[in-house]
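Structure first, commentary second.
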Amino acid sequence: MFWSKPKKKQETAAVRVDERLQHIAFIMDGNGRWAKKRGMPREYGHTHGAATFKKIGRYCEKIGLKYMTVYAFSTENWKRPQKEVDAIMKLFDDYIEECFQEMEEDNVHFRFIGNLTAFPETTQSKMERIDRETAHKPFLLNIAVNYGGREEIAHACNALIREGKREVSETDIGRHLYTLECPDPDLIVRTGGDYRVSNFLLWQSAYAEYYFTPTLWPDYSPRDVDEAVAAFYGRKRRFGGL
Ligand code: IPE
Ligand code: IPE
Ligand code: MG
């Protein structure tokens, strides 16, 4: 099966998270470089990156995480060569199809976040249906596609204008973000060696802990998750207090 019963042997959980770590968000970066290092086209890296995403998702569920968000495609990624964008869109389509066929068997609430209006209507309605029909599952997986933190905040403001608001609060904005019903990420992991946010979860990351690793996303493994989790538990979060 696609998620709960993978073809490969499942990793055993080496760590267990508690209520201090409920939500990890991943900036899954480095697919292109991973492929280039192997003399292959960038698309090859995305295919392997998609497999890594499924493996890491299964593992995060197993260690007791309640929420996971992955950055799969940004509002800026459309600038890439058409061939690469097409290959990524094909991977999304295949993934949505898999979710659609097998969603009943998993413990996962699949939610696609971002400006979904960029996708064909049939794809949008499949995304909505997968979200709705898995809404009772215990592990929420947000898949950020055509996602931009700035676009998300602007979208929330426009929704508030439509509601007739003349003044807005943080709570008002929060209830129109795509990550509604999901607590802010406790930990944001970026693979691929760059130290930047690249327009990911700008609002929600206010007090997130960041963890950066040079490992390229297709090489990212459950042991790397363990390392990030251990680093998180070594941090002291103060949220502005003492
Ligand atoms: C991340 O990997 C996936 C997407 C942005 C879609 P990249 O494609 O950015 O890979 P690098 O960073 O160029 O190696
Ligand atoms: C961030 O990676 C977006 C995703 C992982 C989907 P990018 O590769 O697009 O980020 P930059 O361009 O290096 O900042
Ligand atoms: Mg990149």
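Readers should treat all values here as calculations from the given coordinates under stated rules, not as data from a laboratory. None of the values given here were measured: they were computed from a predicted structure. Virtual Cβ from ideal backbone geometry, glycine too; neighbours counted across all protein chains shown.
Ordered by packing density, taken as the mean number of other Cβ atoms within 10 Å over each peptide's residues, highest first, how do 107-118, 38-49, 73-84, 158-169 rank?
107-118, 38-49, 73-84, 158-169
In the stretch 23-233, if the dipole is taken from +1 on Lys/Arg beta carbons and -1 on Asp/Glu beta carbons about the Cα centre, which of Y147, G32, F53 is farthest to the positive end?
Of Y147, G32, F53, it is G32.
I'd like the distance separating the alpha-carbon centroids of the stretch 84-112 and the stretch 169-242, in whole Å.
Centre-to-centre distance over Cα atoms comes out at 23 Å.
If you consider only alpha-carbon coordinates, what radius of gyration and Dmax does the stretch 36-169 have, in Å?
Computed over the Cα atoms of the stretch 36-169, radius of gyration and Dmax are 16.5, 55 Å.
Give the share of C-alpha pairs in each 10 angstrom bin for the chain, from 0 to the last occupied bin, in whole percents, shortest bins first.
P(r) over the chain, rounded to whole percents: 7, 31, 39, 19, 4, 0.
Quick one: Y95, Y207, Y195, Y67, fewest Cβ neighbours within 10 Å first, how do they rank?
Least to most surrounded, the residues fall as Y195, Y207, Y95, Y67.
What does the charge add up to near N77, with Lys and Arg as +1, Asp and Glu as -1, over the other residues with Cβ less than 13 Å from its Cβ?
After counting each charged neighbour, the total is -2.
About its Cα centre, what dipole magnitude does the chain give when the only charges are +1 on Lys and Arg Cβ and -1 on Asp and Glu Cβ, stated in debye to the nearest 20?
Numbers: 37 positive and 36 negative charges, 155 e Å.
Here the size comes out at about 740 debye.
Once the Cβ-Cβ distance between N158 and N107 is put in as r, and R0 is 41 Å, what FRET efficiency do you end up with, to the nearest 0.05?
On the way: r = 35 Å, r/R0 = 0.84.
Efficiency, from the Cβ-Cβ distance: 0.75.
If you average the sequence gap of Cα pairs under 8 Å that are 6 or more apart and divide by the length of the stretch 23-233, what percent do you get for the contact order? Intermediate results must be reported in sequence, preceding the final value.
Details: 321 pairs, mean separation 62.5, N = 211.
Relative contact order comes out at 30 percent.
Charges on Cβ only, +1 for Lys and Arg, -1 for Asp and Glu, centred on the Cα centroid of the stretch 1-147; of A87, H23, P41, which one is farthest towards the dipole's positive end?
P41
For the charge dipole of the stretch 23-233, defined by +1 on Lys and Arg C-beta atoms and -1 on Asp and Glu C-beta atoms about the Cα centroid, which residue among S221, G64, P183 has the Cα displaced farthest towards the positive pole?
Going by the Cα projections, it comes out as S221.
Considering only the other residues whose Cβ falls under 12 Å of the Cβ of T122, what net charge follows from Lys and Arg at +1 and Asp and Glu at -1?
-2
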